[in-house]
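Written out below as structure tokens is the structure these notes cover.
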Amino acid sequence: METNTKILAAEFQYLEGQDLDQVLAWLAEYREKARILAGGTDLLVKMKLGHVQPEYIIYIKKIAALNYIQYDTGNLKIGATTTLSQIERHETIKGYYSALYEAVRSMAAVAVKNMGTIGGNLGNASPAADTAPPLLVYDASLKIASKEGVREIPITEYFVGPGKSVLAPNELLLEISIPEIEADTGSSFLKLGRVAADIAKINVAVCLKRSGRTCTSCRIAFGSVAPIPMRVREAESLLEGKELTEDLITLAARAGAAEIKPITDNRSTREYRLKVSRVILEEALRAAWQRAGGAL
Amino acid sequence: MSFQVIGKVLPRKDGIAKVCGQEVYPSDIVVPNMLYGVTLRSPYPHAEILSIDTAAAEAMGAIVVTPDDVPDVIYNERTVSIPEKTYRDRRVLPRRARHVGEAIVAVAAETEELAFRAMRAIKVEYKVLPPVLDLDKAMDPGAAPLYEEIYLGDDKIEVRNNIACERIITVGDPEAGFAKADHIVEREYELPRVYHHQMETKTAVCRPEPNGGITVWATTQTIHNVRQLLGHIFGIPLSKVNVKKLAIGGSFGSSIQMNSIIPICVALALKARRPVKMVSSREDDIYDHAKFPARIRLKVGVKKDGTIVAADMRVMVDIGAHQINAYPLLGCMAGWYASLYKWRDFYYEGRAIYTNKVPACAMQGYGNPQVNFAVESHMDIIAEECGFDPVEFRLKNYVGIGDEFWGQGPTVKSIIKSCGVEEMLRKGAEMIGWANRRPHHEKSGRYRRGIGVARGFHTSGTGGPKPGEVIDYSSATIKINEDGTVDVMTPVMDLGGGTGEAAVKVVAEVLKVPYERVELSPVDTKTTGYDVCTHATRGVYCGCGAVYHVAQQVKTKLLEFAGRILEENPENLELAYEEEKNVSIVHVKGFKQKQITIGEVAKLAQIYSWGTIAATDSLRQKNCPPCFVAHFIEVEVDTWTGIVKIPRAILLSDTGTPINPDMVAGQLIGSLSRGMGYALYEETEYDLATGKLKCNGFITDNKIPTSCEMPYIDDIQVYFAHTYEPTGPFGAKGIGEAALNSVASAVANAIYNAIGIRFYRTPITPEKILQALEGGGKVGN
């Protein structure tokens, strides 16, 4: 066997970033040879399996300026090294950003959540990343830095393929920024795994706004059913501007399930994902609608 | 029956050490000057090893052991059966790899990292052979043979069509029996390979001794069998082989045999002339052992009145690359089948097939959960087809008191003397509300609930009135210290089920000593008599049976010494526990004023130079009493997602006197979790193109249920039948394996009651449920 999961077999140089400038300078210098280490819950596994063998490991969790949850002006800003446990325990997120809270609550076991970070979950760019669908439906934007400067992109442009994002080798994810949740807005997240603490077979997030009985806007995102976490825009457009009924929910869920492109893997089958994504989207829509104050 | 400590919930003897992280497991052992060992494992399912180039590894300072360096001894790592019934097909390191993950070369170095790097520098030249990965094709005349010849006892035997071994048993005249039947039901069932998933992976530490001997600290369920086998393989006199008894982090049967890394570690240590430590990674472990899968074809004939008249069972087991205990397994499966119901005339045929997969071995139940799933599913099918109530149909035909029980295949049998089957089935039916159970066709809607019943048993040990194919006895040494405390030396491994506490309670009860004044001594193979193994649910019944036997001898000696001091005939003396003073006394029968504490007796015996009040002896149990269980389980099936939840479970057991009632309940509840895994979640699947496990040896893709999947604790009810086993220590039988055996069957029966779909194969995953619902089941959306 080519692995020994007790050992990081490959040699590497360990660099501990004390401030952002230093980290960005290292990234500019070492580029593809370097990997960012935060919680390590994905990276160390890949290194043990020999899937990645970086020459330089740049540890960023010592940089206090990257660990924060700010909710001042209505916007929610989360620093990249904020742990999943910190997010799960944050009262504002629990109270207003239900989909994100539910996503983080559904993830892994406590020990992993104490180590793993939101930036790492996005940096890993897994199609099954649980924080991705909520951030997609909240229309989050990502602040990305390099030695050359800082850029901000909508998260819809972030994912490129399984394990791939638009982050360049010299770039570091700094912050996730979520616009204010307006009144009469509701969001939800649902996930199916093999067991409770598992990577998703399917996950889905919904965020919608209500005016009376009408759904004025709606965003829906699926994970683990396509090469990247994806919005299902046809389903969204079916709901927008319409009076929400059970029939419409069923219709939209069917449309959403028709947009995904799942595969069969170790966790589930393509057929199962196609069938059940419809079921959990219906439930997620109902939950979000109710949280927006709507009745059915 | 009223007891002083038996049946009381008391703190575990190892509890404080375990919760404080102070308990010593093999992986905690550190020996001065030791090296660390790793193994190079085959990437191919079937390949001849042409050459091994170790130069680069040795240049890095590593010690390397290849198949050329190990003794040319062909052995079977499990030595529980008698030698002439033991199949032998393996060496310490093979010249031909027969499964992906089989250890080929071992490397030791100053650090595990260096050993791993040196291991990767070794070049092995393989001649890849066609693999045998499909049970159906394994017996084809054209299939590649895994072995040309193997050994049975001392005889060399030829292997034909990859059939490792087989057993055929006929009782009465099955053909005539079926002719009498009004209704015959025939079905095929299939149970998967699953991984033991014990918490602790395997460790071995070996220190070569100056006298030419070795000291070994290793993960095992049997220190004495490891000692004897190491002595045999390496040609070391047993007086110079010492195996230490340590805590074990769970086993589920995976350490009944000497673990594969133990002799590898010894070979490394002997070559290095230094101590060597090896700790398996999880992937080493997943590629090392699995539960026996089984394909079972069952035919049962029944009369209109519900009397069973004949049965026919044919079993095929894909055992993987080596025979660890396939032959006794086939016998045991016959026994579990023979002992569930009165078939009257029946036939059994079991066949074990070699394939290029991870070798299968015993795992909690040893063929029993497999047989139980087939038979208990079958009982429900017959009951429905013939219009019998499933509970009444079972009660009419079960094997119970006064009947013969096959405790370990056809050669280990005894008469059942205690039985709680009827009490459990009646009580369980009442607790779950059996009378109100509705048939599946009356249910509709997305969420459908169903109730299932299944019953089962396991043996308590492998003893019997006659010696059979299996060795079974145990030993103990007990001494009373000079302050009246007691030391107990037992070679019996406690696998976490509380066998150690049971031994202490038995001694405390016999000698009327407070529980906290009896302790287990650290022991090894040099300081204890033989015990075969903690397997076959024999820890309490057989292991503590020997402890009980020796404690009685200590009591005799104690009364004799006390008689000398009190100037009384020992027969006129008895023991008592004085609760107020918390002391144990010897007093004249019926006259408590004339008394002496046992501490005083022991102290005076020392001062007068009479000797230590101690005894050592062995005991073979002459019975193998079944510990019965029954499971009434409720499921809720989400027909839209296929997800099954268990809102309620009633777990009933007949363990005779429960010596540790809290731990009996723990076994039942823990086994509910493992049984749910077996029914709903687990299977170690293979990629048939590469021979590799689909999970690659990682638990990330080998999920088992955790506490999150369990019913709420308030929704689990445990019930103990009121029985007393006359041949057991203070009426006790076993529980460990019985607790699991009918869980998966009850879950499958409950799923049928919920949605009307019979599953013949586990695990019953959400994917399979949805597929089945679409393919003919009624969907309520």
With +1 at each Lys and Arg Cβ and -1 at each Asp and Glu Cβ, the charge dipole magnitude of chain A around its Cα centre, to the nearest 20 debye, comes out at 740
Subtracting the Cα-Cα distance of B:T556 and B:N582 from 0.36 nm times their residue separation yields 7.2 nm
Cβ density ranking, 10 Å radius, fewest first, applied to B:F720, B:F388, A:F189 yields B:F388, B:F720, A:F189
With a Förster distance of 30 angstrom and the Cβ-Cβ distance between A:E55 and B:L50, calculated FRET efficiency to the nearest 0.05 equals 0.25
Simple SL model, points at 7 angstrom along Cα→Cβ for B:K18 and A:T250; separation in nm is 5.3
Length gained if B:E148 through B:E516 is fully extended, taking 0.36 nm per residue and subtracting the Cα-Cα distance, is 126.7 nm
Ranked from fewest to most other Cβ atoms within 10 Å of their own Cβ, A:W289, B:W640 fall in the order B:W640, A:W289
Partner shielding of A:3-12, taken as the mean number of other chain Cβ atoms within 10 Å, equals 6
Distance in Å, no decimals, from the C-alpha centre of the range B:309-335 to the one of the range B:450-510 is 27
Length-normalised contact order of the range A:185-291, Cα under 8 Å, at least 6 apart, in percent, tallies to 30
Residue-ordered couplings for the range B:302-318, obtained by feeding phi - 60° into the Karplus form 6.51 cos²θ - 1.76 cosθ + 1.60 and rounding to whole Hz (Gly and Pro as x), are 9, 8, 4, 7, x, 7, 7, 10, 6, 8, 9, 10, 10, 10, 10, 10, 8
Once both label points are put 7 Å beyond Cα along the C-beta direction, the A:Q290-B:M139 separation in nm becomes 5.5
Computed from the beta carbon distance with a Förster radius of 22 Å, FRET efficiency for B:E58 and B:E209 to the nearest 0.05 stands at 0.30
Amide H proximity to B:A144 below 5 Å, modelled H, separation 5+ or other chain, gives none
Of A:239-245, B:513-519, ordering from highest average Cβ density within 10 Å down gives B:513-519, A:239-245
Note on the range A:1-115, DSSP bridge orientation, antiparallel percent to nearest 5 equals 25
In whole angstrom, the spacing between the Cα centers of the range B:167-222 and the range B:144-158 equals 20
Expected unfolding gain across B:E774-B:E175 under the 0.36 nm per residue rule, minus the alpha-carbon gap, is 211.7 nm
In nm, the gap between the two label points placed 7 Å beyond Cα toward Cβ at B:D687 and B:H441 is 4.7
Going through B:K245/B:K692; B:K396/B:K466; B:K396/B:K417; B:K127/B:K703 one by one, the pairs whose alpha carbons sit over 25 Å apart turn out to be B:K245/B:K692; B:K396/B:K466; B:K127/B:K703
The pairs in A:K61/A:K147; A:K275/B:K443; B:K645/B:K768; A:K46/B:K768; A:K6/A:K261; B:K123/B:K277 lying past 27 Å Cα-Cα in this model are A:K46/B:K768; A:K6/A:K261
Taking a label point 7 Å from the Cα of A:R105 along Cα-to-Cβ, the residues of the range A:112-132 whose backbone nitrogen sits under 20 Å from it are A:112-118, A:129-132
With a Förster distance of 30 angstrom and the Cβ-Cβ distance between B:T527 and B:K592, calculated FRET efficiency to the nearest 0.05 equals 0.20
Gyration tensor on Cα atoms of chain B, a ≥ b ≥ c root eigenvalues, a/c under 1.5 rounded, else prolate if a/b beats b/c, else oblate, says oblate
Residue-ordered couplings for the range B:348-364, obtained by feeding phi - 60° into the Karplus form 6.51 cos²θ - 1.76 cosθ + 1.60 and rounding to whole Hz (Gly and Pro as x), are 9, 9, x, 9, 10, 10, 6, 9, 8, 10, 4, x, 8, 8, 4, 8, 4
Filtering chymotrypsin sites (Phe, Trp or Tyr not before Pro) in the range B:573-637 by DSSP loop and by at most 14 other Cβ atoms within 10 Å leaves B:Y608
Along the range B:733-745, Karplus-curve 3J(HN,Hα) (6.51, -1.76, 1.60; θ = phi - 60°) to the nearest Hz, with x for Gly and Pro, reads 10, x, 8, x, 7, 3, 4, 8, 4, 10, 5, 4, 4
Residues B:S742, A:S268 in order from fewest to most other beta-carbon atoms within 10 Å are A:S268, B:S742
Computed, not fitted: 222 nm per-residue ellipticity of the protein assembly as shown from DSSP H runs ≥ 4 (each -39500 (n - 2.57)), nearest 500, equal to -8000 deg cm²/dmol
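A short reminder: the numbers here are calculations on the coordinates, not readings from a lab. Note that the structure is predicted; figures quoted are calculated from it, not measured. Note that we place each Cβ from the backbone using ideal geometry, even for glycine, and neighbour counts take in every protein chain shown.
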